[in-house]
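For reference, the structure discussed in these notes is given below.
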């Protein structure tokens, strides 16, 4: 039994007995707060029996109000897999029928949409390198969830999780690749406080290969920001992508998120847009983040064609999470990110007339500009700083452009933001 107290050191009195018992006829437990409880273990109770208890505290000169009757019912015998350490074996081809009403609530990490809020039962197996599907889609009488972990029971690491699977209503299905000889722990539990009978099946198949590019946020595919109206898309797919263990995007909180990730830098541009074209996949959804596991900036369902992004901070890396439910919904698509690349620099204040030569160059660039301690930055067409140099003494200044890749660049006064001139590297 657990309670909170504002009287440390006071004596507590607990009296309990069968439901409806008369106070003064029950069994009494006493002790000192902070020494003997809380919590207090009440032992010797009969299984599957209704009880009631009363609680009050005694201080030096007074007693607290009596709390009660507090009703509770003892459970019947628990299965060993009510706790993680007692996980029962499951293997490819198994179908198991049980009830989470006989389990216990065990706190643990939230795997995607499968945060743990209700009783559950545990199962265990060893990976073979195959793709595993765990499903409660049939024979399950309540709103189920499935969470899969590696690691030990006191240091669980998310692998996969699902709340509502496509075609299963509020039942669950997870699909994930396994690593040979790695131990996996499976928790069947429920949405909110839901519990009840379930059927858990486990099937195995050869792993999908090759895994989709950008399957994990840490491996996000780099997109080059392109000029508005001239975007050349790249072809990609979420076939052979797997549900992410990061929290679900806010606009799709319960569904499986079979996603691929992309990253880009906003540069000095404005008016950023994502162009999506689903070649043979179902409609795609887009969420924008500042970092893996970081704050979500925006979330949009059913993107077809052009998605205008909210105003982005300059010179900042951003992540795009593109997803649908996977399975038969997965497929090929094209993506690119475009923006007005000229606005950020061209709207900057103009600098005093300055001469740069030679233009174009294959190496050194000379700058007819005096200055000591003044810093000049070189920005690429996207607006990213690719070089920085400190001016020293009278003109001409020398800038070594030999390390730049061929293309067009802008020189900018880092203090005022004024554009100095244009540099072209052959």
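The values are calculated or read from the model by the stated rules, or taken from the named source; none is laboratory data. Because the structure is predicted, anything quoted here is derived from the model rather than measured. Here Cβ is always computed from backbone atoms with ideal geometry, including for glycine, and neighbour counts include all displayed protein chains.
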Notebook entry, point to check: Any idea which of (1) assigned to a loop (DSSP other than H, G, I, E, B); (2) modelled with pLDDT of 95 or more is the one residue 53 doesn't satisfy?
Noted result: (1)
Margin query: Among (1) in contact with a helix residue (DSSP H, G or I) (Cβ under 6 Å, 6 or more places away or on another chain); (2) in a loop (DSSP other than H, G, I, E, B), there is one condition residue 120 misses while meeting the rest; what is its number?
Written below: (2)
Next item on the list: Identify all residues within the stretch 221-253 that are surrounded by 17 or more Cβ atoms within 10 Å (Cβ to Cβ) and under 14 Å from the mean Cα position of the chain (by Cα); write none if there are none.
Entry: 242, 243, 244, 245, 246, 248, 249, 252
Item checked: Among the candidates 389, 372, 362, residue that is farther than 30 Å from residue 208 by Cα, surrounded by fewer than 19 Cβ atoms within 10 Å (Cβ to Cβ), modelled with pLDDT under 85 and outside the structural domain of residue 242 (by TED's automatic domain parsing) -> 372
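Might you check whether a residue that is part of a strand (DSSP E or B), in contact with a strand residue (DSSP E or B) (Cβ under 8 Å, 6 or more places away or on another chain) and at pLDDT below 95 occurs anywhere in the stretch 241-254? Outline the logic, then answer.
Our first condition is that a residue be part of a strand (DSSP E or B); within the stretch 241-254, this holds for 243.
After this cut, where a residue has to be in contact with a strand residue (DSSP E or B) (Cβ under 8 Å, 6 or more places away or on another chain) as well, the list is 243.
Pick out the ones that are also at pLDDT below 95 and you get 243.
Checked the stretch 241-254: at least one residue is part of a strand (DSSP E or B), in contact with a strand residue (DSSP E or B) (Cβ under 8 Å, 6 or more places away or on another chain) and at pLDDT below 95.
Look through 118, 135, 99 and report the one residue that is closer than 30 Å to residue 5 by Cα, modelled with pLDDT of 95 or more and assigned by TED's automatic domain parsing to the domain that holds residue 162.
Going through 118, 135, 99 in turn, just one is closer than 30 Å to residue 5 by Cα, modelled with pLDDT of 95 or more and assigned by TED's automatic domain parsing to the domain that holds residue 162: 118.
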Notebook entry, point to check: How about the stretch 154-163: which of its residues are more than 13 Å from residue 134 (Cα to Cα) and either in contact (Cβ under 8 Å) with a residue 40 or more places away in the chain or in contact with a helix residue (DSSP H, G or I) (Cβ under 8 Å, 6 or more places away or on another chain) (or both)?
Noted result: 156, 157, 158
Margin query: Taking the conditions exactly as written (under 30 Å from residue 7 (Cβ atoms) and either in contact with a helix residue (DSSP H, G or I) (Cβ under 7 Å, 6 or more places away or on another chain) or modelled with pLDDT of 95 or more (or both)), does residue 71 satisfy them or not?
Written below: yes
Notebook entry, point to check: Could you list, in sequence order, the residues of the stretch 286-343 that are in contact with a helix residue (DSSP H, G or I) (Cβ under 9 Å, 6 or more places away or on another chain) and under 19 Å from residue 250 (Cβ atoms)?
Noted result: 289, 291, 292, 293, 319, 321
Next item on the list: Go through the stretch 317-330 and give me each residue that's surrounded by fewer than 20 Cβ atoms within 10 Å (Cβ to Cβ) and at positive phi.
Entry: 327
Next item on the list: Pull up the stretch 31-53, narrow it to residues that are within 20 Å of residue 64 (Cα to Cα) and surrounded by fewer than 12 Cβ atoms within 10 Å (Cβ to Cβ), then point me to the one that is farthest from the chain's Cα centre (by Cα).
Entry: 35
